[in-house]
1. Just checking, does the range 40-48 include any residue being in a helix (DSSP H, G or I), loosely packed, with under 10 Cβ neighbours inside 10 Å and at negative phi?
2. Of the conditions (1) surrounded by fewer than 10 Cβ atoms within 10 Å (Cβ to Cβ); (2) of a type outside the set (Lys, Arg); (3) part of a helix (DSSP H, G or I), TRP25 clears all except one; give me its number.
3. Here is a check on your reading of the model: is LYS65 among the charged types (D, E, K, R), surrounded by 10 or more Cβ atoms within 10 Å (Cβ to Cβ) and part of a helix (DSSP H, G or I)?
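Readers should treat all values here as calculations from the given coordinates under stated rules, not as data from a laboratory. Treat the numbers as computed from the prediction; the structure is a model and nothing was measured. Reconstructed Cβ throughout: ideal geometry from the backbone, glycine too, with neighbour counts over all protein chains shown.
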Amino acid sequence: MAAETLARTRDFGAEVVEEIKKVTWPDFAQLKNATFVIIIFVLIVAIVIWIMDVVTRNVLDNILKLFTG
């Protein structure tokens, strides 16, 4: 049983190495461009969430003011 598990683990490791050899890695220009796009996207999402937070907070404050005076 242990020998079979060890053999399967070795086979898996060999398959991983073969698959990694098939990967086309980006060059520096592509990497820089993708990083820039991701940073811009994250900033846009953060701004949208911040705007939603401010609007929700104001709506809830106004509703609470109706009931508390």
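1. No, every residue in the range 40-48 fails to be in a helix (DSSP H, G or I), loosely packed, with under 10 Cβ neighbours inside 10 Å and at negative phi.
2. If we test TRP25 against (1) surrounded by fewer than 10 Cβ atoms within 10 Å (Cβ to Cβ); (2) of a type outside the set (Lys, Arg); (3) part of a helix (DSSP H, G or I), just (3) comes out false.
3. Details: among the charged types (D, E, K, R): yes; surrounded by 10 or more Cβ atoms within 10 Å (Cβ to Cβ): no; part of a helix (DSSP H, G or I): yes.
No, not satisfied.
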